[in-house]
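Working notes, structure below.
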Amino acid sequence: MKVIGIHHEGYPTLRNIAQLPFTHYKVKRVYDMFTLPRYLSFKLGETPDWLLNIHQDFGISNCDILHFFNTVSFSPKPWITTFETAVPRWGDLPKHIQELGVKQLQGEHCRQIIALSESAKQIQTKLLKTHFPACADEILAKLCVMHPPQKLGLQSIAEKHAFEELSFIFVGADFFRKGGKAMLEAFAEFWAQGFNAHLYVVSSLKAGDYATHATQEDVLWVEKFLKTHQGKIFHFHTLPNSDVLALLQRCHVAILPSFADTYGYFVLEAQANACPVITTDIRAFPEINNQETGWVLHVEKDEFGNAKMDTPERCIAQQENLRVQILATIQNIVQNPISIQAKAEQSLLRIKKEHCPVIRARELEQLYDSVLLHVVAPATY
């Protein structure tokens, strides 16, 4: 059995590579010259992007092929990288340093570059053609799209045992960036109009995110709102993923009205548990959610597909636009509850068709096989 080497075990690596049901390959953690610095940096504080997303093993890793997430490698072994926005993902390093990574993507040892979405592919294409045009064509010839795999939580809508009262669920650590405040403002008016529904919120309520520039005052407003509406809102600062999935199986509708997101795994998790989702139309969301599987809200977007939030005035306008659309959507859901089941069924169908882990594992194994055909000397152990 051939070996796929991974250089760390973060959630995206596990989800998109290591936990797939391979039949002819096995996954193994390998180490490189940056392993110890990464570990020490993590213990001392936040690891910088460049350190998290760089690899050099000088070809000594005990594996046949290397597969990374968001990482550029300097290894002479054949390697593949999967990314969510763009690579190199090295933060604010100067252009001449970034170019070193681009050259590695262009080089012979990088065999495939996998975007998680068409949105990410478009961003990568734009950045390369704008900043590194001499390398762009060779790199883009290696670029393809593979959406993340997603296991089904339910095999059919008949397995879903939802709460008796109509229940919505929001999950996201970056509460404000993911549209949480606009959502609460919409529910405030919704309840004031006499509608009944429960709202489950799983969020640490972080402030200061890069999209909405939320402040501590915003956090205090949200905390007060949550206390005021206890009995209608059930708030958890954090929950194990298994508990979140259990909630999704009991709630009727999920909400992720995000202003900025690199992908949106929560959308897939909700759909896999027959919980259709209300999303905005940013980044990859239109690729994984539509009016047949859920509800899609329109926001004004920037060149990278995230909500345009470049001035305080625009932030306010975007928040108000989102509040109005969320309110209209949840009112419509209450008045037309039959739509939930139809969208839930379509959600399950699209997960089965578009995100099957078994199919994704076979596709990657075929890719690994094609890459290793170009390796002259087999790996030795």
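The values are calculated or read from the model by the stated rules, or taken from the named source; none is laboratory data. Predicted model only: the values in this text are computed from it and were never measured. Virtual Cβ from ideal backbone geometry, glycine too; neighbours counted across all protein chains shown.
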Q) Taking segment 17-54 as the region of interest, how many residues are touching an Asp or Glu at 6+ places or on another chain (Cβ under 8 Å) and farther than 24 Å from MET1 by Cα? A) 1
Q. Taking segment 1-51 as the region of interest, how many residues are touching a Lys or Arg at 6+ places or on another chain (Cβ under 7 Å) and surrounded by fewer than 15 Cβ atoms within 10 Å (Cβ to Cβ)?
A. 3
Q: Filter segment 233-272 down to residues that are touching a Ser or Thr at 6+ places or on another chain (Cβ under 9 Å), farther than 28 Å from GLN318 by Cα and among the hydrophobic types (A, V, I, L, M, F, W, C), then give me how many there are.
A: 2
Q. Looking only at segment 257-298, which residues are touching a Lys or Arg at 6+ places or on another chain (Cβ under 6 Å) and either within 23 Å of HIS161 (Cα to Cα) or not assigned by TED's automatic domain parsing to the domain that holds VAL201 (or both)?
A. ALA274, PRO276, THR293, GLY294
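Let's see how each residue does on (1) in contact with a Leu (Cβ under 6 Å, 6 or more places away or on another chain); (2) touching a residue at least 40 places away in the same chain (Cβ under 8 Å):
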| residue | (1), (2) |
| --- | --- |
| LYS181 | no, yes |
| ALA186 | yes, yes |
| HIS198 | no, no |
| LEU205 | no, no |
| GLN216 | no, no |
| LEU220 | no, no |
| PHE225 | yes, yes |
| THR228 | no, no |
| ASN241 | no, no |
Q) Condition test on ARG360, is it under 20 Å from the mean Cα position of the chain (by Cα) and either β-branched (Val, Ile, Thr) or in a helix (DSSP H, G or I) (or both)? A) yes
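If you go through segment 49-65, how many residues are within 21 Å of GLN124 (Cα to Cα) and in contact (Cβ under 8 Å) with a residue 24 or more places away in the chain?
Keep residues of segment 49-65 that are within 21 Å of GLN124 (Cα to Cα), which gives 49-55.
From what's left, in contact (Cβ under 8 Å) with a residue 24 or more places away in the chain: 49-50, 52-55.
Looking only at that region, the number is 6.
Name every residue in segment 185-221 that is in a helix (DSSP H, G or I), of a type in the set (A, V, I, L, M) and surrounded by fewer than 22 Cβ atoms within 10 Å (Cβ to Cβ), in order of residue number. Steps first, answer last, please.
Narrowing segment 185-221 to residues in a helix (DSSP H, G or I): 185-192, 216-221.
Filter once more, keeping what is of a type in the set (A, V, I, L, M): 186, 188, 192, 219-220.
Of everything in segment 185-221, those that are in a helix (DSSP H, G or I), of a type in the set (A, V, I, L, M) and surrounded by fewer than 22 Cβ atoms within 10 Å (Cβ to Cβ) turn out to be ALA188, ALA192, VAL219, LEU220.
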Q: Could you check PRO312 against (1) exposed (fewer than 14 other Cβ atoms within 10 Å of the Cβ); (2) touching a Leu at 6+ places or on another chain (Cβ under 8 Å) and say which number it fails?
A: (2)
Q: Consider only pairs whose beta carbons are under 9 Å apart and that are at least six residues apart or on different chains; among these, list those whose first residue lies in segment 307-320 and is under 11 Å from HIS213 (Cβ atoms) and whose second residue is part of a helix (DSSP H, G or I).
A: MET309/CYS315; MET309/GLN318
Q: Could you check TRP90 against (1) of a type outside the set (Val, Ile, Thr); (2) farther than 30 Å from GLU287 by Cβ; (3) in contact with an Asp or Glu (Cβ under 8 Å, 6 or more places away or on another chain) and say which number it fails?
A: (2)
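Here are some residues: PHE58, PHE74. Which one is within 27 Å of the chain's Cα centre (by Cα) and not hydroxyl-bearing (Ser, Thr, Tyr)?
Details: PHE58 fails: within 27 Å of the chain's Cα centre (by Cα).
After applying the criteria, what remains is PHE74.
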Q) Can we say THR13 is within 21 Å of ARG111 (Cβ to Cβ) and either in a helix (DSSP H, G or I) or modelled with pLDDT under 95 (or both)? A) yes
Q) Out of the residues in segment 27-47 that are touching a helix residue (DSSP H, G or I) at 6+ places or on another chain (Cβ under 7 Å) and closer than 17 Å to GLY91 by Cβ, which is modelled with the lowest pLDDT? A) THR47
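Please determine, by comparing only the residues of segment 222-238 that are under 24 Å from the mean Cα position of the chain (by Cα) and at pLDDT 95 or above, which one is surrounded by the most Cβ atoms within 10 Å (Cβ to Cβ). Quick ask: steps written out before the conclusion?
In the first step, residues of segment 222-238 are kept if they are under 24 Å from the mean Cα position of the chain (by Cα); the result is 235-238.
Those still in the list that are at pLDDT 95 or above too: 235-236.
Working: HIS235: 18, PHE236: 14.
Residue satisfying both the conditions and the ranking: HIS235.
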Q: Enumerate the pairs (first residue in segment 124-144 and assigned by TED's automatic domain parsing to the domain that holds THR82 and in contact (Cβ under 8 Å) with a residue 40 or more places away in the chain; second residue anywhere and outside any loop (DSSP other than H, G, I, E, B) and of a type outside the set (S, T, N, Q)) with beta-carbon separation below 7 Å, excluding pairs fewer than 6 apart on the same chain, so at least 6 apart or on different chains.
A: GLN124/ALA115; GLN124/LEU143
